[in-house]
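The values are calculated or read from the model by the stated rules, or taken from the named source; none is laboratory data. Note that this is a predicted model, so its numbers are computed, not measured. No Cβ is skipped: glycine too gets one built from the backbone with ideal geometry, and neighbour counts run over all protein chains shown. For accessibility, only protein heavy atoms count, side chains too; no ligands or nucleic acids. Shrake-Rupley method; radii C 1.70, N 1.55, O 1.52, S 1.80 Å.
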Amino acid sequence: VAFLLDGLHEDLNRIKQKPYMEEKDNDCRPEEVIADEQWRYYCSRNDSIIVDNFQGQYKSTLICPVCGKHSLKFDPFMYLSLPLPSTKRVSIKVTVISTRGEAPPTKYCAQVPKQGTVDHLLGELGKLCGLKEDEALLLTEVYSGRIFKYFDDHSEAL
């Protein structure tokens with residue numbers, strides 16, 4: 001879509017002779033004045049139905065960490081890239097095995113925060129499998145039929 005809009009804008013641009021103008025210094029002027037001035041400059045080089053309907057400006061501010069000088073710029077845009085909303089929780093499949101052999105291995109799907117810890121997973125598993133007060137879970141990672149890792153630090157990220 002961006003390629004199509006850009007191509008249409010170029011083909012429909014009513015400005016054939018694009019004037020050159022130097023940008024003025026932005027010191028001590030209101031933002032509205034600077035934004036309007038930069039938009040008029042952009043429109044003096046770009047005038048099409050695409051600009052009229054699909055383009056705008058966004059404000060960019062930079063501050064020098066050494067001298068503290070502020071630089072303010074209003075840049076044109078035709079589209080904005082926005083991140084897709086991500087889920088806040090993830091599903092982790094776990095098999096619980098009783099050490100006493102009282103129950104067969106049972107598979108659970110625990111919903112935990114995306115940035116969760118081992119403690120989050122253990123808490124959710126405890127609810128799912130009906131863990132009693134005097135019982136505990138030991139979380140391990142199994143790889144190729146063998147215990148690969150013990151999760152003994154409950155604050156560790158998943």
Residue-wise HN-Hα coupling along segment 19-27, computed from phi with Karplus coefficients 6.51, -1.76, 1.60 (Hz; x: Gly, Pro): x, 9, 9, 7, 6, 7, 5, 8, 5
Show His9, His154 ordered by accessible area, largest first, where the area counts protein heavy atoms only and the probe is 1.4 Å. His154, His9
Estimated [θ] at 222 nm from DSSP helical runs (n ≥ 4, -39500 (n - 2.57)) normalised by residues in the chain, nearest 500: -8000 deg cm²/dmol
Of Gly101, Leu80, Gln111, whose Cα points farthest to the positive end of the dipole of segment 77-141 (charges on the beta-carbon: +1 Lys, Arg; -1 Asp, Glu; origin at the Cα centre)? Leu80
Could you give each residue of segment 69-74 its phi-based ³J(HN,Hα) in whole Hz, using Karplus coefficients 6.51, -1.76, 1.60 with θ = phi - 60°, and x for Gly or Pro? 5, 9, 10, 10, 9, 10
Run the dipole for segment 75-158 about the Cα centre, Lys and Arg Cβ at +1, Asp and Glu Cβ at -1, nothing else charged, and hand back the magnitude in debye, nearest 20. 380
Using a 1.4 Å probe on heavy atoms of the protein chains only, the accessible area for Lys127 in Å², nearest 10, reads 150
Arg45-Ser86 pseudo-label distance in nm [points 7 Å out on the Cα-to-Cβ vector]: 3.6
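Is the shape of segment 1-95 rounded, prolate or oblate, going by the alpha carbon gyration tensor and its root eigenvalues a ≥ b ≥ c, with a/c under 1.5 for rounded and a/b larger than b/c for prolate?
On the way: a/c = 3.60, a/b = 1.35, b/c = 2.66.
Oblate shape, in that a/c is at least 1.5 and b/c is the bigger or equal ratio.
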Which order do Tyr20, Tyr143 take by accessible area at a 1.4 Å probe, largest first? Tyr20, Tyr143
Approximate spin-label separation Val96-Leu4, in nm, with each point projected 7 Å along Cα-to-Cβ: 5.2
Could you work out how far the C-alpha centroid of segment 80-142 sits from that of segment 3-79, in angstrom? 51
Output the relative contact order of the chain, whole-number percent, from Cα pairs under 8 angstrom with separation of 6+ residues. 14
Given the whole protein assembly as supplied and a 1.4 Å probe, what does the accessible area of Thr117 come to in Å², nearest 10? 30
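Could you rank Thr61, Thr87 by how accessible they are, 1.4 Å probe, largest area first? List each step's numbers first, then the result.
Numbers: Thr61 70, Thr87 90 Å².
Solvent-accessible surface, decreasing: Thr87, Thr61.
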When the charge dipole of segment 33-157 is computed with +1 on Lys and Arg Cβ and -1 on Asp and Glu Cβ about the Cα centre, the Cα farthest towards its positive end, among Gly123, Leu62, Ser91, belongs to Leu62
Once amide H atoms are built 1.01 Å from N in the peptide plane, which residues 5 or more positions from Arg89, or in another chain, come under 5 Å H to H? Lys114
Tell me, what HN-Hα J-couplings in whole Hz come from the Karplus equation 6.51 cos²θ - 1.76 cosθ + 1.60 at θ = phi - 60° for each residue of segment 52-68, using x for Gly and Pro? 4, 9, 10, 10, x, 10, 10, 8, 10, 10, 10, 10, 5, x, 8, 9, x
Gln57 long-range amide H proximity, modeled H, under 5 Å: Phe77
